[in-house]
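The next block holds one structure in the form of structure tokens; read it before the comments.
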Amino acid sequence: MKNKKQYILLAIALIAVAAITRIISFEMQWFNLAPITAVGLFAGSVIKEKKYAFLFAVLAQLAGDIYIQLFTSWQGFYGIDQAFVYISLLAVTALGFLMTRRNALNVLGFSLAASVLFFIISNLGVWVAIQTGKADLFHYGKGMTGLVNTFIAAIPFYKNTLIGTVAGSVALFGLYNLLEKGFSPRLQSAKA
């Protein structure tokens, strides 16, 4: 993608699709089954202006949080543990910087790594919140026992994170590859 208009359209589309799928998955109570981490990974890998790459997943997450705050009975903004969700999205985007070759094997490997990174950082945030005084509603506990309990309790959510990340990455990188081939005939003829 060569011009600024294409980047802006890509940004709007990615943020909107990720936010909408996050809202739908939240409303259906399919928690973490949204391609937000895939958007971060994709942006980190594809967007040349790295300072803007960080905005994609963060804005999609923020749009979903605003919706949840304004239109549901849940809290869209809920404390220090939420900061760790945003930190994990920034980390996943930075991970995307390392994906210089975007082939199927790399997309799968980086998607797996991104979902693990998100899982670890975001659930560490839950534990930190409990350690700093947030109500321990699920009785995870404090200290190392609480840390272990927090991660064990989060395993069912990891499945959705993994599915959302892998499916989202396949869709995003696959569509991008098709669009790149379709919109750059000069590149194709130069390679022939």
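Is it the case that I68 is at negative phi and surrounded by fewer than 17 Cβ atoms within 10 Å (Cβ to Cβ)? In short, no. The sole residue among I80, I163 that is β-branched (V, I, T) and touching a residue at least 60 places away in the same chain (Cβ under 8 Å) is I163. From the list V166, V128, V148, the one residue that fits, being within 22 Å of G40 (Cα to Cα) and either surrounded by 12 or more Cβ atoms within 10 Å (Cβ to Cβ) or hydroxyl-bearing (S, T, Y) (or both), is V166. For segment 54-70, the criterion of being out of contact with any Ser or Thr (no Cβ under 9 Å at 6 or more places or on another chain), touching a residue at least 24 places away in the same chain (Cβ under 8 Å) and assigned to a loop (DSSP other than H, G, I, E, B) is met by none of the residues. Among the residues making up segment 24-55, those that are of a type outside the set (S, T, Y), within 17 Å of F157 (Cβ to Cβ) and surrounded by fewer than 22 Cβ atoms within 10 Å (Cβ to Cβ) are I24, F26, E27, M28, Q29, W30, F31. Just one of the listed residues (W127, W74) is of a type in the set (F, W, Y) and at pLDDT 95 or above, namely W127.
Just one of (1) outside any helix (DSSP H, G or I); (2) small (G, A, S); (3) out of contact with any Ser or Thr (no Cβ under 9 Å at 6 or more places or on another chain) fails for G141. It is (3). Among what's in segment 77-93 and is buried (at least 17 other Cβ atoms within 10 Å of the Cβ) and among the small types (G, A, S), pick the residue that is nearest to I121 (Cα to Cα). By that ranking, first place goes to S88.
Among the residues of this structure, L105 counts as one that is closer than 20 Å to P35 by Cβ and not small (G, A, S).
Has segment 82-101 got any residue that is in contact with a helix residue (DSSP H, G or I) (Cβ under 9 Å, 6 or more places away or on another chain), modelled with pLDDT under 95 and more than 20 Å from A34 (Cβ to Cβ)? Yes: segment 82-101 contains one or more residues that are in contact with a helix residue (DSSP H, G or I) (Cβ under 9 Å, 6 or more places away or on another chain), modelled with pLDDT under 95 and more than 20 Å from A34 (Cβ to Cβ). Would you confirm whether any residue within segment 111-133 is in contact with an Asp or Glu (Cβ under 7 Å, 6 or more places away or on another chain) and under 26 Å from I24 (Cβ atoms)? There is at least one residue in segment 111-133 that is in contact with an Asp or Glu (Cβ under 7 Å, 6 or more places away or on another chain) and under 26 Å from I24 (Cβ atoms). So is F118 aromatic (F, W, Y) and surrounded by 16 or more Cβ atoms within 10 Å (Cβ to Cβ) or not? Taking the combined requirement at face value, the residue satisfies it.
Scanning segment 94-110 for residues that are under 17 Å from A171 (Cα atoms) and among the aliphatic types (A, V, I, L, M), we see that the one that is surrounded by the fewest Cβ atoms within 10 Å (Cβ to Cβ) is L105.
The values are calculated or read from the model by the stated rules, or taken from the named source; none is laboratory data. Keep in mind that this is a model prediction, so the values were computed, not measured. Counting neighbours? That spans all protein chains shown, and the Cβs are built from the backbone with ideal geometry, glycine included.
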